[in-house]
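Working notes, structure below.
Just so it is clear, none of the values below were taken in a lab; they were calculated from the coordinates. Treat the numbers as computed from the prediction; the structure is a model and nothing was measured. FYI the Cβ positions are ideal-geometry reconstructions off the backbone, even for glycines, and counts take in every protein chain you see.
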Amino acid sequence: MRNDEVLKENVTQFSGKLQKSVIEVQQKYGDILNIPHHVSEMHPQMPTADRAAQFAPFAALTGYKEAIEETERLAEEKIEREYE
């Protein structure tokens, strides 16, 4: 089989799988796919910058880094004592 034939066959297989996937999604969620997006009449839309800020990185494990460093320090002291 030539390279272009293999490529064409792969594209055909991928296209078939993609079509099957799209059909499955439409069957599962077809009842809600075309519902219009809700816009509140009472609350103004949050600015994009504020929306992005709520997903900014944060320190979920406060103090974790310090605990690891302390464990490392204690382990190094123990190793030093063993080789004295």
*With label points built 7 Å along Cα→Cβ from the Cα atoms of N34 and E77, find their separation and express it in nm.*
7.1
*Work from the charge dipole of region 9-84 (Cβ charges, +1 for Lys and Arg, -1 for Asp and Glu, about the Cα centre) and give the residue of Q27, H38, I68 farthest towards its positive end.*
Q27
*chymotrypsin sites (Phe, Trp or Tyr not before Pro) within region 48-84, DSSP loop, no more than 12 other Cβ atoms inside 10 Å*: F55, F58, Y83
